[in-house]
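A.B. asks: Structure incoming, see below.
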Amino acid sequence: MKIGILQTGHVADEIQATLGDYSDMFARLLDGQNFEFSVYNVVDMDFPAGPEACDGWLITGSRHGAYEDHPFIPPLENLIRAIRDAGRPLIGVCFGHQIIAQALGGKVEKFSGGWSVGRQEYDFDGEKVALNAWHQDQVVELPPGAEVVASSDFCANAALVYGPKIFTVQAHPEFTSAMIEGLIEHRSAKVPDTLRDRAAHNLKTPTDNQRLAKRMAAVLKGENA
C-alpha cells in the first residue's frame, strides 16, 4: 500500500543530521504496517499529480503557519479537498491537522494561551493518552462536519475526525524524546523558560506514540477514523 507523505516543512539541519526529516520519522513510526512511502516536498512546490497517486495520504508538521502567505498553501488546500472528495484516507499531524481544518472551512490562529511543548496528556474518548507537542498555533473554529475526539485543558481541538476517512491530531506521535531534546537545544528561543524546563524534565517519561501509530495505520488502511 502506497502512502504519500506531504512534507510541509523540514527538520532543522542540526537535528536532521541524526534523526532525519519528518518523512523519516513517520516511516519509523509506521514501520511494520506494510506501507510503501512516497515523499512529496510540497513546501518546495513538489506536488503529486492528484489524490489517485497514492492509496492514502499524510500531511506533516511545519514551522509555517497555515494562515501565512506561502506559495504552497493554496495548492495544498486544493489537494486536501481533492483527497477528501476522492475518498482517500488522510492523516494530518500538527501543521497537517491545522491546514486540513483550514482547507475544509475551519479557522487556525496563534493561540493566545501561548506554547505547548514536550510531553502532554490528552483525553481521547475518555482515555488518557500522552504525546509530545511543539506548537503555538491551534484550530480555534471547527470546519463543518468535524468531530472532536481528543482534547486537553490547553488544546480544546486536539484531534479531529471528518467522517470515516480523515483523522488529524495536533500533537506529534512521530516525535521521540530525542526530537524534543533537539528542539529544546536548537529551536526553543521563543519558548518561555518554564515550559522549556518542564519539557526537559519530562524527556524520560513515556509517551503513547505507538498507540497513535496503530490508529493512524488503521485509518490509512481504510478502517473508520
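Since every read-out is calculated from the coordinates, none of them should be taken as a lab result. Just so you know, these numbers come straight off a predicted model, no measurement behind them. As a convention, Cβ positions derive from the backbone with ideal geometry for all residues, glycine included, and neighbour counts pool all protein chains shown.
A.B. asks: Normalised by the residues of the chain, what does the relative contact order come to in percent, with Cα pairs under 8 Å and at least six apart? Spell out each step's value before the answer.
C.D. replies: Values: 449 pairs, mean separation 46.0, N = 225.
Relative contact order here is 20 percent.
A.B. asks: Name the residue farthest towards the positive end of the dipole of the chain from the options Ala27, Ala159, Ala189, assuming +1 on Cβ of Lys and Arg, -1 on Cβ of Asp and Glu, about the Cα centre.
C.D. replies: It is Ala159.
A.B. asks: Turning to a different aspect of this structure: Stretch Glu181-Arg63 to full length: gain in nm at 0.36 nm per residue minus the Cα-Cα span? Write down the numbers at each step before the final one.
C.D. replies: Numbers: separation 118, 0.36 × 118 = 42.48 nm, distance 1.69 nm.
Extending this stretch completely gives an extra 40.8 nm.
A.B. asks: Okay, moving on. Using θ = phi - 60° and the Karplus relation 6.51 cos²θ - 1.76 cosθ + 1.60, list the HN-Hα couplings for segment 145-161 in order, rounded to whole Hz, with x at every Gly or Pro.
C.D. replies: Along segment 145-161, the couplings run x, 7, 10, 7, 10, 7, 7, 9, 4, 8, 10, 5, 10, 7, 8, 10, 10 Hz.
A.B. asks: What is the sum of charges, Lys and Arg at +1 and Asp and Glu at -1, for the other residues whose Cβ falls under 15 Å from the Cβ of Val191?
C.D. replies: Numbers: positive: Arg63, Lys110, Arg119, Arg187, Lys190, Arg196, Arg198; negative: Asp137, Glu181, Glu185, Asp193, Asp197.
Net charge in that neighbourhood comes out at +2.
A.B. asks: Given the DSSP H assignment, sum -39500 (n - 2.57) over each helix run of at least 4 residues in the chain and divide by its residue total; what's the result at 222 nm in deg cm²/dmol, nearest 500? Before the final figure, lay out each step's value.
C.D. replies: Working: 7 runs with 69 residues, N = 225.
So the calculated ellipticity at 222 nm is -9000 deg cm²/dmol.
A.B. asks: Spin-label point model (7 Å from Cα, Cβ direction): what's the Lys110 to Arg28 distance in nm?
C.D. replies: So the two model labels end up 3.1 nm from each other.
A.B. asks: Name the residue, out of Arg81, Arg63, Arg28, whose mean-square fluctuation peaks in a Gaussian network model built on the chain with Cα pairs under 10 Å.
C.D. replies: Arg28
A.B. asks: Still on this structure: Between Met45 and Lys221, what FRET efficiency comes out of the Förster formula 1/(1 + (r/R0)^6) with R0 = 41 Å and r the beta carbon distance, rounded to 0.05?
C.D. replies: Taking R0 as 41 Å, the efficiency between Lys221 and Met45 is 0.90.
A.B. asks: With a Förster radius of 25 Å, plug the Cβ-Cβ distance of Asp153 and Lys190 into 1/(1 + (r/R0)^6) and report the FRET value to the nearest 0.05.
C.D. replies: Calculated value: 0.70.
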